[in-house]
Amino acid sequence: MNLNLKNPLAFFDLETTGINITHDRIVEISILKINPNGSEEKLTQLVNPGIPIPIESSLIHGLYDEDVRDAPHFKDIARKLAGFLEGCDLAGFNILKFDIPMLVEEFLRAGIDFDISKKKLIDAQKIFHLMEKRNLSAAYKFYCKKDLENAHSAEVDTLATYEIFKKQIELYEGMEAQDMKGNKLGVIKNDMEAIHKITHHKMVDLAGRIVFNDKGEEVFNFGKHKGKRVLDVLAREPMYYDWIQKSDFTLDTKRKLTEIKLRQMNK
């Protein structure tokens, strides 16, 4: 089918050094512009981010420092990109939470006010979540083929969850579970330890402020020390521990951080 367009619609996707809008940078941008007459224009450009690409990010998108060493910096192509997107509405998958804020931030750093206030923003992920519900009632209908009566009653919801879980084990047993980035988390099996490892993957504290990296080491998952080993940060900046203990973090996060600190002190 042809889209009914009044303005060109630019589908785009970014590959970046990470997911921190403030500190990370774009390493690749790809745009597919659909014009109202149905014609298409494509623009794909590697970008030198000016900072090292973490290996964790390279393993996801396949771009390493040497791949972008000779590519232009964003500021060198900013006006070209802004011109290509002039008059376009914007579309993509999960662009509202990440791609658009990242793109606007890069434009602002390049001295270009990329105004999105008059652009229509189309996020296919939002449509997916709106139309394909992911709540308990939808799961009960999908797995158990029954409508959930009296949803939000604690007892009904509890019994429904039990039925759903049994159906999930039956349906997926022996299958490899992967996260959104394609990382293999383990095989689904009728074994609660195996299920725990899959569903609790990499989490150290319940709020997700501290996680395990690929080497099984605790690293911070937020702020200026995101991705850095907790022990390294505490050794170089001991006051960071005190700041977390006095700030608005969960008691569980504070407890886990204390456990890590004490474990190192007792070695």
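The values are calculated or read from the model by the stated rules, or taken from the named source; none is laboratory data. Just so it is clear, the structure is predicted and the values come from calculations on it, not from any experiment. We place every Cβ from the backbone using ideal geometry, glycine too, and count neighbours over all the protein chains shown.
At-a-glance table
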item	result
Filter pass, LYS119 being charged (D, E, K, R), surrounded by 13 or more Cβ atoms within 10 Å (Cβ to Cβ) and more than 20 Å from THR16 (Cβ to Cβ)	yes
Single residue of region 202-216 satisfying the filter (touching a strand residue (DSSP E or B) at 6+ places or on another chain (Cβ under 6 Å) and in a loop (DSSP other than H, G, I, E, B)) that is surrounded by the fewest Cβ atoms within 10 Å (Cβ to Cβ)	ASN213
Residue list for region 230-255, restricted to those being out of contact with any helix residue (DSSP H, G or I) (no Cβ under 9 Å at 6 or more places or on another chain) and of a type in the set (Lys, Arg)	ARG236, LYS246, ARG255
Residue in region 42-50 that is of a type in the set (S, T, N, Q) and either assigned by TED's automatic domain parsing to the domain that holds PHE220 or loosely packed, with under 13 Cβ neighbours inside 10 Å (or both) present	yes
Residue in region 111-134 that is within 28 Å of ASN48 (Cα to Cα), in contact with a helix residue (DSSP H, G or I) (Cβ under 6 Å, 6 or more places away or on another chain), at pLDDT 90 or above and hydrophobic (A, V, I, L, M, F, W, C) present	yes
Inter-residue pairs, beta-carbon under 9 Å, first within 14 Å of LEU159 (Cα to Cα) and in region 125-141, second of a type in the set (Ser, Thr, Tyr) and surrounded by 11 or more Cβ atoms within 10 Å (Cβ to Cβ), 6+ apart	LEU136/THR161; ALA139/THR161; TYR140/THR161
Failed condition for SER57, given (1) exposed (fewer than 15 other Cβ atoms within 10 Å of the Cβ); (2) assigned by TED's automatic domain parsing to the domain that holds ASP24	(1)
Residue within region 77-89 that is in a helix (DSSP H, G or I), among the β-branched types (Val, Ile, Thr) and modelled with pLDDT of 95 or more present	yes
Residue check for ALA110: in the same structural domain as LYS33 (by TED's automatic domain parsing) and out of contact with any strand residue (DSSP E or B) (no Cβ under 7 Å at 6 or more places or on another chain)	yes
Output for region 181-195, where each listed residue is in contact with a helix residue (DSSP H, G or I) (Cβ under 8 Å, 6 or more places away or on another chain), surrounded by 13 or more Cβ atoms within 10 Å (Cβ to Cβ) and over 18 Å from LYS167 (Cα atoms)	LEU185, GLY186
Members of region 54-76 found to be modelled with pLDDT of 95 or more and aliphatic (A, V, I, L, M), listed by number	VAL68, ALA71
Matching option when the condition is under 26 Å from the mean Cα position of the chain (by Cα), closer than 30 Å to SER57 by Cβ and not β-branched (Val, Ile, Thr), among MET131, MET180	MET180
Selection status of LYS167, in contact with a helix residue (DSSP H, G or I) (Cβ under 8 Å, 6 or more places away or on another chain), without any contact (Cβ under 8 Å) to a residue 12 or more places away in the chain and in a helix (DSSP H, G or I)	no
Matching residues in region 170-188 - criterion: being in a loop (DSSP other than H, G, I, E, B) and either of a type in the set (Asp, Glu) or closer than 19 Å to CYS144 by Cα (or both)	GLU173, ASP179, ILE188
Subset of region 134-154 (residues that are over 27 Å from the mean Cα position of the chain (by Cα) and under 19 Å from ASN94 (Cβ atoms))	none
Filter result (in a loop (DSSP other than H, G, I, E, B), surrounded by 12 or more Cβ atoms within 10 Å (Cβ to Cβ) and of a type in the set (S, T, N, Q)) within region 217-267	ASN221, THR250
